[in-house]
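S.K.: Before I ask anything, here is the structure I am working with.
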Amino acid sequence: MDFSGEYIIPSTKQKVWDALNDPEVLKQCIDGCEELNKESDSEFSARVTAKVGPVRAKFSGKVTLSDIDPPNGYKISGEGQGGVAGFAKGGAAVTLEDSDGGTKLTYTAEAEVGGKLASVGSRLVEGVAKKTADDFFGKFAEIVSIDSKLEDTDTKAAQVQQVAEGSSKTSDNSRLFWGFGAAVAIVAILYTIFG
């Protein structure tokens, strides 16, 4: 089964690209995602609980990125095993283009299922797959949009915190805060909003 979609994200292409490669952002976008780990620059492992009609299963699998063209796009391919429920595998091509009002994210995807999942009917599976893809990219667009709006606020808060802590700790702490703390703050705010 094949499906596609597009979203205008009110953010720069570079910020959208960075979010597409951030496991914390991606985890928030995947319904039922229990774990998402970045194994390398091109591989993620995941554990996701999914429901298709009467079949509910935990899937473990790997996702690989290929044809990586920063910040213009890449291809995603992966396969998940759900035990007796069967398997799901597929891929998507994701492209980013500058657009009025931000970045246009376009995807085309294909998916295949086997085992019990295949027995629930192709229409149901196709509907769930399309909805899952739309939900993923819809949440992604929402998170990146909010992330862009919060960035200015986080930058100002970080500067105030640095001044308050004093200049003796500025060199080490600022690198830590900018490299890790800002991402944690944004994820915490997003978690509160989307909780």
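The values are calculated or read from the model by the stated rules, or taken from the named source; none is laboratory data. Worth saying up front: this structure is predicted, and the values here are computed from it rather than measured. A quick note on method: Cβ atoms are made from the backbone with ideal geometry, for glycine too, and the neighbour counts reach across all protein chains shown. Heavy atoms of the whole protein, side chains included, go into the accessibility calculation; ligands, DNA and RNA do not. Shrake-Rupley method; radii C 1.70, N 1.55, O 1.52, S 1.80 Å.
S.K.: Quick check on V25: is it in contact (Cβ under 8 Å) with a residue 40 or more places away in the chain and in contact with a Ser or Thr (Cβ under 7 Å, 6 or more places away or on another chain)?
M.R.: no
S.K.: Quick check on the range 74-125: of everything there that is modelled with pLDDT under 85 and of a type in the set (V, I, T), which residue is most open to solvent (accessible area, probe 1.4 Å)?
M.R.: Ranking the candidates gives V84 first.
S.K.: I would also like to ask the following. Might you let me know whether the range 119-133 holds any residue that is in contact with a strand residue (DSSP E or B) (Cβ under 7 Å, 6 or more places away or on another chain), in a helix (DSSP H, G or I) and closer than 15 Å to L20 by Cβ?
M.R.: Yes: one or more hits.
S.K.: Is it the case, given these coordinates, that A50 is more than 17 Å from D22 (Cα to Cα), aliphatic (A, V, I, L, M) and in a strand (DSSP E or B)?
M.R.: Judged against the criteria, A50 is a match.
S.K.: What residue, among those in the range 1-30 that are under 14 Å from the mean Cα position of the chain (by Cα) and among the polar types (S, T, N, Q), is most open to solvent (accessible area, probe 1.4 Å)?
M.R.: Here the residue is Q28.
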